[in-house]
Every structure is written in structure tokens, then in C-alpha cells.
Amino acid sequence: MTVPTAPLPGVRPGPTVSPVVLPRAQALTDVLVAGGPVAGAAAVASARRLLEHGLAEAATHAVDPVPCLRIRAFDLVRPGAGLPDGPRTPFRWTARTARRRVGLAAIRSCLVDPGLAPADAVARVVADPGGPAGPGPRGPGSCADWLASLSPPARAVVQASATAWATAVWTALEWGRVPAPLVGAPDRWWDRRDGVRVALQGRADVRVPGPGGAHLVVLDGYPSSASRRALAFGALVDALRSEGTDVPARVVGWWPDCGKAWASSIDGTALRTCAEDVVGVVRRALRLPVRTRPAASS
Amino acid sequence: MPPSLPLLDPTRPAKTSVAVSDGRTVAGRAAPGGAGAPGGVATAGAAGGVATELTGTLLGRLRSPGSVRPPVDHSLAGGLRAWLEDGVVAVAAHGGPALVVRPGQDGGLTATADEATRLSGRALRTTLLRTVFRITVTSGPPRAAFEDALAALAVDEEGDAVAEAVRRLPRHRRAQLRELVRHAASGITAQWGPPPASWLPRTGERLAAPLAGGRVVLRSDADLAMGGPSAGRASVCAVRAHGGAVRDDGPNRRLLALLETLRSGAAPFRVASYDLDRARLTVEDVTDGLLSAAVHDVLALVDAHTRVRAGGR
């Protein structure tokens, strides 16, 4: 696991994950539970002002009627995806899109019964998707209903995909050292209805609650500079909706495909940079010119 | 080359590599046909010997629970990465899309400027058989291999393309494909089953290593991987499944070993190739020599590609 040393604009690297320490789970857990300074109310208020000002300005210049824009961290990485002017792929459940939901349910089972292997835990989830250990509430369009509707071979592939994901996450941390982890807690939202209507959807796979807490975000592929900056997005949503009372000290992005981890400290600069990125996404969606960020100042 | 790596000629067998000096190709069923027959059992390699094993030994052969695992060289992964980064620096100087190095369908590595895969007739059969393999090691043998593989692929990202390719086949070709898959699947399901959950088995594991800031990306998949993260000794073994047209899957096996080493910081102790059509498993112990050969494979391919790119300007 490696953390690049070159600074990114607006991103202050967190504690380093040593590339030579084995087991890796120890190093990643060290970073996740290390604590650290938390962005104060003033820093959160500053990021909020920046975001609201940017959104209000965008609304002023928008020519077309502005729909409600749902923005996720993913949209900061690939601007345009999922937005009104971007490539739109309707969501559908597949083995790939369901593996996280099923995998997180399995990890919750493993936390209750640490003797349970991820493969067995996933098999239980898949066998009874509507049960108490299932991937979420049932209902039209839900993962649970979709799973229940599958043929045995299709279910086997979902099970296989979720097992690979859950095993990677389960073995990535020393769970006994993570205080009261919230695994796969519901996404958190912050929305604004004046001017440009936006809904920010913050997601973390594991949340370490409390002051000095942290988020672990599991990501596909390998990191780019944009994906590293987007790590702060979930923290920004937490900061905005809690008025600064529930902000993680850091967000750890982990890319199991390549074994890289990136820890980003959430300070005022990180929140403001992320707020700027959100405004940039909105301006792109409204076909307005996007300001380029000045050189790194962090 | 980083000083931590031994100077090895990848074209020569490494003394400590079982695979090169005593490579083993095994299959789970004892077959009268011996080494060359489908489902046969062979030990191939420099010695070229032949051995017979009994049904159900493939998993044991892969993991060898009682065997001693080599200690991890903590500087190896960093050394290999530095070696690769040095070797691909010329690519970074060129423009154009990122170069993706991945397993090719003929057993050798391939370098392309995009991540898309093409679904030829041969690749179609291999995709269906890999799905049969995946179902088998996850939940047991499928009931009807061809139909179940298609049903399973319906929830996969590439499922639509596979279903469309199958639908477009003339009726007799489709029947032929169905029979080929059914026949090969009988070999797969006779040899494999779900490994114990305590071995942490997983399928379809993707591995990637971005180099030169993402200008070059190494990619591979493990059709089956077992063993938890290393705590100081090699702990993982990985299998790549391939179609029968592949003569030598060695380069792909080596790439898999290299990628696992780069991402986890610890070399796997064993990698294997499974020929889905012939139901044959080739097992190779991972050594410094094998990993050095993998780096040479990658750099030779990247170098050739860079020269072609440069010449095309």
C-alpha cells in the first residue's frame, strides 16, 4: 500500500500507510484509527459559504431551467457522468453493482460472528436476501427483491462477486481495533433548494464515529489525482448536514485492485477545495465556464 | 534494475523454481490418455515427466496445507515496482491514450491503447467456460452448463454482449457451442468444487498496477484466489483459467504473480493456469526468477509498443 508524496492542490495527505509493513491490515487500521484534528465550525461555515455562493452565482447565469442535480463523489472524478448533460446510463442491479451492498451485509454478519468466513456470510445473505442479515429493506427496485428474483446460476455469480469484495474488505482491517465501526451505513444527503437545486450524496463503506473519526471508502481500479481529491466529498456532506458537529478527521481511500491507499486529512482547505469542485461540477452541468483552480496552497 | 533483485536471466530455469525446473501440470481425474488427453494428468516442464493423481486433488495441490511457505522479502515489491517504473519511463514521454498490458488470448501478453475486449468465437466459449468454473467453485456444479452460464452472465457487465453474440450464431453453430461447453464443463465440474470458506476463496478478482502515473496500466484477473493477506510468509495462491487454444500460459501466469506481489507487498507462493477445454492445471511456484521474468515480459512488450508508436509518427 503506498501513499504518493507529491502534494495535490487542496489535499493535505494524512498519515502515511507504509508500503513495507506486513500485515497490511495493521498499517491500514493504524491510519483509520489514528485520530487527528477536526475541522472546526468556522472551517465548515467557510466551505458552506463558498458552496452556496458558487451555486447562487451559477443559478444567476444559467440559461436553461435547472433540474435537481444529484451529485456523488463519482461525479467529481468523472465530471459529467450522471448529470443532465453527461452520459446517462440507467442504473440496474448487476453482480458488480450489488456486490458492495451484499458484501457489506456479509461483513456486518462477520462482525457479529467473527468465526464466520466472508464466503459463508455472503452465502447466507444471498440465500435469504429479505432476512435480518440481508442487504437492506425489501421493496420494488431493492437489492433484496432483485436477489430473490434471480435464478440459481445468476445468484451464484452475484455471490461470487460479493465474496471477492467482502473478503478483500474483511481482510483489509484489524476489525478488533476499530471502535464501533458503522459498516455500510445509509448514504447521507445534503440538499439545497434555492437557485440551483442540488442533492449531495455522501457515501462511506466504513465509518469510525466520534470526534477524530474517519471514513474508509473502497474504490475500484486505481487512484487518479481527481479520485484522491474526491475523497473529501463524503466528509463535506457530513460537515454540511451536521453544521460541523460530525466531521471525520480523515478519509481513507482504498483501492484493493492495486493495493493503494490514500489518507486525506479533512481540514478547512480540504472542505473548501471539495466545495469548489462541487460548484465546478454544477457549472459544467449548466454549461457554464469553469474556473481553474489556482496552484496548490495547502 | 534495483539492487534488491537478483540478476536473473528469465530465459533460463531458476534453480529454486519448481515450475521451471520441475513444472507440474496436473488434472484431477486419472485418465487413461495420460498427459495429452483431456482430463489427463501430467507433470510437464524441463524434466517432461508424467504423474497421475486422483480426483479431487487439485485444490490440495494448489494450496498444499502442510507445505512450508517462503518468507516474504519486504523489499521485493518495491524493487519490482521501481524496475518497472524505470522501464516504462519512455512511454510516459509519448502522448496518446494509456497503454494497457493484459493477458492475451494466445497465452502471451498483449498491449492495447484501450481497455475493451473483443468477443471472438473462441473468446465466447472461454467466457462461458470461465463462468461455469466460477459457478462451480462458488456454489457447486451447474445443472445445465450452457444455459446456466448464459443465465449467470445475464447479471454480469459483459452479459449483454455475450447473449447477443450467442443469439447471432446460426442454429448449428449455437448447437455446436452448446455441446462444446457441455463437454468441457463435465471436466471442470468433475475436478472442482467450492474450496473451504476458511481458505478465503474468491473468484474474478481484478488486479491492476498503474505505472508512470497511469500512462501504463498492467491488468489481470484471478479466476480463483485463496489465502489471506501475508503476515510475513507467502500466503496466496491464484489460478487463471484459459481456453484450449493457449499453448503456453506462462507469461499470463507470471503477470498474475507480479500483480499480486505489487498490490499486496508479498509474492504469492503459487500460481496456476487451468486449461478449461482440456481440464488441465499447470502449477508453478513463485520465485524471484519468475517475477523477474514477468518484469522482462512486460518491459519487452512495452518497449516494442513504444517503438511501434514512435515509428508511426
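The values are calculated or read from the model by the stated rules, or taken from the named source; none is laboratory data. Quantities reported herein were computed from a predicted structural model and do not represent experimental measurements. Cβ coordinates were reconstructed from backbone atoms using ideal geometry, including for glycine residues, and neighbour counts include every protein chain displayed.
List of remarks:
- Single residue of B:Ala149, B:Ala184 found to be farther than 23 Å from A:Ala164 by Cβ, in contact (Cβ under 8 Å) with a residue 12 or more places away in the chain and crowded, with 23+ Cβ neighbours inside 10 Å: B:Ala184
- Considering segment B:152-174, the residues that are in a loop (DSSP other than H, G, I, E, B) and surrounded by fewer than 20 Cβ atoms within 10 Å (Cβ to Cβ) include one that is farthest from the other protein chains (Cβ to nearest Cβ), namely B:Pro170.
- Flag for B:Leu177 being within 30 Å of B:Glu85 (Cα to Cα) and either away from chain A (no Cβ under 12 Å) or surrounded by 24 or more Cβ atoms within 10 Å (Cβ to Cβ) (or both): no
- Some residue of segment A:236-247 being closer than 22 Å to A:Val183 by Cα, in contact (Cβ under 8 Å) with a residue 40 or more places away in the chain and within 14 Å of chain B (Cβ to nearest Cβ): no
- Test for A:Val290: is it outside the structural domain of A:Ala42 (by TED's automatic domain parsing) and either more than 15 Å from the chain's Cα centre (by Cα) or outside any strand (DSSP E or B) (or both): yes
- Among the residues of segment B:119-146, the one identified as without any contact (Cβ under 8 Å) to a residue 24 or more places away in the chain and within 23 Å of A:Ala164 (Cα to Cα) is B:Ile135.
- All of (1) aliphatic (A, V, I, L, M); (2) assigned to a strand (DSSP E or B); (3) surrounded by 21 or more Cβ atoms within 10 Å (Cβ to Cβ) hold for A:Ala204 with one exception: (2).
- Residue match in segment B:121-131 (condition: more than 19 Å from B:Leu177 (Cα to Cα), at pLDDT below 95 and not acidic (Asp, Glu)): no
- Test: A:Val218 is touching a strand residue (DSSP E or B) at 6+ places or on another chain (Cβ under 9 Å), over 23 Å from B:Gly213 (Cα atoms) and touching a residue at least 40 places away in the same chain (Cβ under 8 Å): no
- Verdict on A:Ser142 being more than 9 Å from chain B (Cβ to nearest Cβ), surrounded by fewer than 16 Cβ atoms within 10 Å (Cβ to Cβ) and among the hydroxyl-bearing types (Ser, Thr, Tyr): no
- Taken over segment A:207-249, the criterion of being buried (at least 20 other Cβ atoms within 10 Å of the Cβ), aliphatic (A, V, I, L, M) and in a helix (DSSP H, G or I) is satisfied by A:Ala232, A:Ala235, A:Leu236, A:Val237, A:Ala239, A:Leu240.
- Checked against (1) surrounded by fewer than 17 Cβ atoms within 10 Å (Cβ to Cβ); (2) modelled with pLDDT of 90 or more; (3) away from chain B (no Cβ under 14 Å), A:Arg48 passes all but condition (1).
- The single condition among (1) surrounded by 14 or more Cβ atoms within 10 Å (Cβ to Cβ); (2) under 30 Å from A:Thr60 (Cβ atoms) that A:Asp194 does not meet is (1).
- One residue stands out among those in segment B:251-269 that are under 22 Å from A:Ala25 (Cβ atoms) and of a type outside the set (A, V, I, L, M): the one that is nearest to the chain's Cα centre (by Cα), which is B:Glu260.
- Considering B:Ala222, B:Ala238, the condition of being surrounded by 22 or more Cβ atoms within 10 Å (Cβ to Cβ), closer than 17 Å to B:Leu291 by Cβ and either more than 11 Å from chain A (Cβ to nearest Cβ) or charged (D, E, K, R) (or both) is satisfied by B:Ala238 alone.
- Meets criteria (farther than 25 Å from B:Glu85 by Cβ and of a type in the set (Val, Ile, Thr)) for B:Thr282: yes
- Odd one out for B:Val271, checked against (1) within 27 Å of B:Thr126 (Cα to Cα); (2) in contact (Cβ under 8 Å) with a residue 40 or more places away in the chain; (3) not acidic (Asp, Glu): (2)
- Segment A:149-166, residues that are part of a helix (DSSP H, G or I), more than 7 Å from chain B (Cβ to nearest Cβ) and more than 23 Å from the chain's Cα centre (by Cα): A:Pro152, A:Arg155
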